[in-house]
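**Student:** Below is the structure I would like to discuss, written out as structure tokens.
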Amino acid sequence: MMSTNSYQLLSLWPSHVLVDQLSELEDVRETLALEAEVFYERHTRTSAKMAHRADTVSMMRDQPSQALLRLLDAVEQRVATYVRQAYPSLDPSELAITYNTFVNRQRGLGKWAIPHRHVGNQLVVTYYPRVHLGSGEGRDAVGLPGALCFHDPRPVQANWMLRHENKLFAQTPRQGALFIFPGYLEHSTFPLFDPESDKVAIVTNVRFTHRDDRGGDLTWSAEQIRAHSKAQSLNNPMESIQ
């Protein structure tokens with residue numbers, strides 16, 4: 001279970017970022033990293049290359065597992081905490097929340113994720129089951145190796161005082177760390193250069209709609225994900241990853 005005092009809620013400019021360490025998943029952390037590798041090779045690289053988006057297939061729908069369902073539980077808890085703290089005027093009982101999960105993997109190839117936003121998603125939840133920095137990491141990189149970077153969303157011309165403030169917040173994630181931030185918040189990732197470095201991120205886009213809004217959103221609620229996983233295990237058990 002989540003400790004009520006385990007997380008940090010950072011106020012970056014007009015945005016809130018929740019940072020926590022998912023200690024309750026430590027026993028399945030590497031299992032999640034291995035499952036994420038499989039999903040990345042099957043879907044994310046091809047989808048990102050062909051369609052310029054990595055969330056065309058959801059890991060929680062396509063590749064359900066008990067470890068992933070435990071991650072879903074942890075994500076639900078932290079999202080509820082984020083909403084209570086960052087949006088106190090919202091009534092969670094009035095919201096229909098859906099989740100779409102994909103994988104990013106960063107190796108020591110000198111590549112970085114350019115600044116981008118997750119348009120159409122209210123929140124982004126990023127969990128790092130594996131963060132391994134090679135012994136030579138940080139010698140050639142500009143800034144923190146593999147750091148998750150948030151960019152100030154305010155236009156500079158809005159206030160002359162902004163010129164004196166830091167426009168960038170960067171932090172190399174710890175293994176087992178989780179970040180929650182608004183989908184509108186522009187972010188990027190510093191590169192890794194050491195060939196031994198390896199960082200795996202399981203990313204969940206979170207969407208809010210009113211509970212009575214039937215809309216056309218094809219993403220799934222937590223209840224739908226769990227029901228699908230149960231049906232999959234009964235009808236077509238997935239082979240365990242060696």
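**Student:** If you check Pro115 against the conditions, is it modelled with pLDDT of 85 or more, over 28 Å from Leu69 (Cα atoms) and out of contact with any helix residue (DSSP H, G or I) (no Cβ under 6 Å at 6 or more places or on another chain)?
**Tutor:** yes
**Student:** If you don't mind, there's one more thing I want to ask. In region 76-93, is there at least one residue being at pLDDT below 85 and of a type in the set (A, V, I, L, M, F, W, C)?
**Tutor:** First pass over region 76-93, keeping only residues at pLDDT below 85: 90-93.
Then keep just the ones that are of a type in the set (A, V, I, L, M, F, W, C); that gives 90.
Yes, the conditions are met somewhere in region 76-93.
**Student:** Kindly list the number of the only condition in (1) surrounded by fewer than 17 Cβ atoms within 10 Å (Cβ to Cβ); (2) over 14 Å from the mean Cα position of the chain (by Cα) that fails for Arg117.
**Tutor:** (2)
**Student:** Follow-up. With respect to Arg84, is the statement that it is touching a strand residue (DSSP E or B) at 6+ places or on another chain (Cβ under 9 Å) and open to solvent by 60 Å² or more (accessible area, probe 1.4 Å) true?
**Tutor:** no
**Student:** For region 190-203, name all the residues that are buried (at least 22 other Cβ atoms within 10 Å of the Cβ) and within 20 Å of Thr101 (Cα to Cα).
**Tutor:** Those that are buried (at least 22 other Cβ atoms within 10 Å of the Cβ) and within 20 Å of Thr101 (Cα to Cα): Lys199, Val200, Ala201, Ile202.
**Student:** Out of the residues in region 22-70 that are open to solvent by 50 Å² or more (accessible area, probe 1.4 Å), of a type in the set (Val, Ile, Thr) and at pLDDT below 85, which is nearest to Ala113 (Cα to Cα)?
**Tutor:** Thr46
**Student:** Something else about it: Take Leu10 and decide whether it is at pLDDT 90 or above, among the aliphatic types (A, V, I, L, M) and farther than 27 Å from Asp62 by Cβ.
**Tutor:** yes
The values are calculated or read from the model by the stated rules, or taken from the named source; none is laboratory data. Small disclaimer: the values here were computed from a predicted structure and weren't measured. So basically every Cβ, Gly included, is an ideal-geometry build from the backbone, and we count neighbours across all protein chains shown. With ligands, DNA and RNA removed, areas are computed over all heavy atoms of the protein, side chains included. Shrake-Rupley method; radii C 1.70, N 1.55, O 1.52, S 1.80 Å.
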